[in-house]
Each structure stands twice: as C-alpha cells, then as structure tokens.
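Single-structure report; data block below.
The values are calculated or read from the model by the stated rules, or taken from the named source; none is laboratory data. Keep in mind the model is a prediction, meaning the values are calculated, not measured. Note that each Cβ is placed from the backbone with ideal geometry, even for glycine, and that neighbours are counted across all protein chains shown. Accessible surface areas use protein heavy atoms only, side chains included; no ligands, DNA or RNA. Shrake-Rupley method; radii C 1.70, N 1.55, O 1.52, S 1.80 Å.
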Amino acid sequence: MWDIFTEARYVQCKLLGALERCERRLKLHCVPQVSLRSPSEKVGGLFYFGRMLDKIRLHARRELPSDYHANLGKGFDEKCVKFLRVDYNQLVERVKKGGTDEEILEWCFTVGRRPSEDDTYVWNEFMRKRGWNDEVSEIVNRRKAEAGMTGRSDIQTSFQFIDADEGRLPKP
C-alpha cells in the first residue's frame, strides 16, 4: 500500500541517490589547486620538463596533492627521464639539492645526454600530440568522461586535458 510515509521514504531515497551521484561528480571536478606548470611550457626548449620539476618540488615539500602521487616517475615523467637518459630517483635527489630549472636540466645533459635540435623537435611534437589518434586516445576520452568533459571537442590531447582539468584551458 502506497501511503504518505512510503512516498516520503521513496523521495528521500531518490534524493540521497542523487546527492551521492552529485558528490561523486563533485569529487571528480574538485582538482586541488596546485602551482604546476602547463605541460606545454618549455624549459631549455623541452616541453613537460618544468612540470615534472614542479611535481618533484611540491612532493618533497609535502604539498603535492595525493591525486598526483601515483604517477610520480611514471607516465610522462618516465618518458621525459628516458628521453634525457637519466634515472628518475637521481633526478629527484638532484632537485632536492636546489637550483634553477636550467641548472637541473644542464645536470641532466651532463649525467644523461644532450639531445640534438632534431631530437628535441621530435620530442616536443610527440609530447604535444600525445593522446590524439594514438594508443592514449582511449585514456584521454575516459578521463574526459570522468571529469564531465565529454562534450569538449577542443580537448583532443593529453596536454589539452591536463590544462583543462587544471583550469588553464578556458571553455569554448
């Protein structure tokens, strides 16, 4: 029998369900505000390197939000250190000693390798287009969906997603 109490309970359950869904969406959209550079900003002509240094520095000061911890030294960080032929853990120790971005990059060139102008060009283009029509496209699309950005046709690459997710890419 449907009475006012049953109806009230039904409405309450619907509202609680909607509230839980909203809360989940809100958690996905609440990206902690951190001072990480865009992956498109260059240091010494290289995309992404400065962002990696930002993450290392913030993590060392215990200021890097936990959302970023799982990928430290992985993903683009790993690609960057492999490109420079340096060990990520050694880079972390070098960053902890201090110095400018350029000094740390010069250290990488000394310990690892100094890429040629052509190598740098290929690196930058590879990184800039990562997620566009390649094996990472599915991840970009999944992350867009999780962040409620499926309608954003302006986001086609990993760099664009990162910038949008961190509030640097304005809505069209």
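For segment 109-125, give me each residue that is open to solvent by 50 Å² or more (accessible area, probe 1.4 Å) and either modelled with pLDDT under 95 or not acidic (Asp, Glu) (or both). Write out each step before concluding.
Step one: filter segment 109-125 for residues open to solvent by 50 Å² or more (accessible area, probe 1.4 Å), giving 110-111, 114, 116-119, 121-122.
Correct list: Thr110, Val111, Arg114, Ser116, Tyr121, Val122.
Please work out which residue is least open to solvent (accessible area, probe 1.4 Å), limiting yourself to segment 126-147 and to residues that are within 23 Å of Leu84 (Cβ to Cβ) and either touching a strand residue (DSSP E or B) at 6+ places or on another chain (Cβ under 9 Å) or aromatic (Phe, Trp, Tyr) (or both). If you could, list the steps in order and put the result at the bottom.
So in segment 126-147, the residues within 23 Å of Leu84 (Cβ to Cβ) come out as 126-131, 134-136.
Now narrow it down to the ones that are either touching a strand residue (DSSP E or B) at 6+ places or on another chain (Cβ under 9 Å) or aromatic (Phe, Trp, Tyr) (or both): 126-128.
Numbers: Phe126: 88, Met127: 0, Arg128: 100 Å².
For segment 126-147, the residue satisfying everything is Met127.
Restricting attention to segment 69-88, does a residue exist that is of a type in the set (Asp, Glu) and either crowded, with 17+ Cβ neighbours inside 10 Å or in contact (Cβ under 8 Å) with a residue 60 or more places away in the chain (or both)?
yes
Need pairs with beta-carbon distance below 8 Å; first residue under 18 Å from Gln156 (Cα atoms) and without any contact (Cβ under 8 Å) to a residue 60 or more places away in the chain and within segment 115-143, second outside any loop (DSSP other than H, G, I, E, B) and hydroxyl-bearing (Ser, Thr, Tyr); sequence gap 6+ or separate chains.
Arg130/Ser158; Gly131/Ser137; Gly131/Ser158; Val136/Ser158; Ile139/Ser158; Val140/Ser158
Of everything in segment 89-108 that's in a helix (DSSP H, G or I) and basic (Lys, Arg), which residue is most open to solvent (accessible area, probe 1.4 Å)? So that I can check it myself, show each step before the final result.
Residues of segment 89-108 that are in a helix (DSSP H, G or I), as a first pass: 89-96, 101-108.
Next cut, basic (Lys, Arg) only: 94, 96.
Values: Arg94: 44, Lys96: 119 Å².
By that ranking, first place goes to Lys96.
Out of the residues in segment 109-118 that are not in a helix (DSSP H, G or I) and not charged (D, E, K, R), which is farthest from Arg57 (Cα to Cα)?
Within segment 109-118, the subset not in a helix (DSSP H, G or I) is 112-116.
Cutting the leftovers down to not charged (D, E, K, R) gives us 112, 115-116.
Details: Gly112: 21, Pro115: 24, Ser116: 27 Å.
Per the stated criteria, the residue is Ser116.
If you check Arg152 against the conditions, is it surrounded by fewer than 17 Cβ atoms within 10 Å (Cβ to Cβ), without any contact (Cβ under 8 Å) to a residue 40 or more places away in the chain and in contact with a Cys (Cβ under 9 Å, 6 or more places away or on another chain)? Walk me through it before giving the result.
Values: surrounded by fewer than 17 Cβ atoms within 10 Å (Cβ to Cβ): yes; without any contact (Cβ under 8 Å) to a residue 40 or more places away in the chain: yes; in contact with a Cys (Cβ under 9 Å, 6 or more places away or on another chain): no.
Taking the combined requirement at face value, the residue does not satisfy it.
Can you confirm whether segment 80-88 contains a residue that is more than 19 Å from the chain's Cα centre (by Cα), under 16 Å from Pro39 (Cβ atoms) and modelled with pLDDT of 95 or more?
So in segment 80-88, the residues more than 19 Å from the chain's Cα centre (by Cα) come out as 84-87.
With the extra rule that they be under 16 Å from Pro39 (Cβ atoms), the set shrinks to 84.
Still in the running and modelled with pLDDT of 95 or more: 84.
Yes: one or more hits.
Does Gly151 satisfy the criteria of being farther than 16 Å from Lys79 by Cα and out of contact with any strand residue (DSSP E or B) (no Cβ under 8 Å at 6 or more places or on another chain)?
Numbers: farther than 16 Å from Lys79 by Cα: yes; out of contact with any strand residue (DSSP E or B) (no Cβ under 8 Å at 6 or more places or on another chain): yes.
Answer is yes for this residue.
For segment 119-172, enumerate the residues that are of a type in the set (Ser, Thr, Tyr) and in a helix (DSSP H, G or I). Before you say what the answer is, go through the steps one by one.
Going residue by residue through segment 119-172, those that are of a type in the set (Ser, Thr, Tyr) are 120-121, 137, 150, 153, 157-158.
The answer is Thr120, Tyr121, Ser137, Ser158.
Could you give me the residue pairs with C-beta distances under 6 Å whose first residue belongs to segment 33-61 and is touching a residue at least 40 places away in the same chain (Cβ under 8 Å), whose second residue is open to solvent by less than 30 Å² (accessible area, probe 1.4 Å) and among the basic types (Lys, Arg) wherever it lies, and which are 6+ apart or on separate chains?
From residues that are touching a residue at least 40 places away in the same chain (Cβ under 8 Å), the pairs are Leu36/Arg51; Pro39/Arg51.
Out of the residues in segment 76-88 that are among the basic types (Lys, Arg) and either in a helix (DSSP H, G or I) or in contact with a Ser or Thr (Cβ under 8 Å, 6 or more places away or on another chain) (or both), state the one that is nearest to Ile139 (Cα to Cα).
Filtering segment 76-88 for residues among the basic types (Lys, Arg) gives 79, 82, 85.
Add one more test, that the residue is either in a helix (DSSP H, G or I) or in contact with a Ser or Thr (Cβ under 8 Å, 6 or more places away or on another chain) (or both), and what stays is 79, 82.
Details: Lys79: 17, Lys82: 22 Å.
Only one residue fits best here, namely Lys79.
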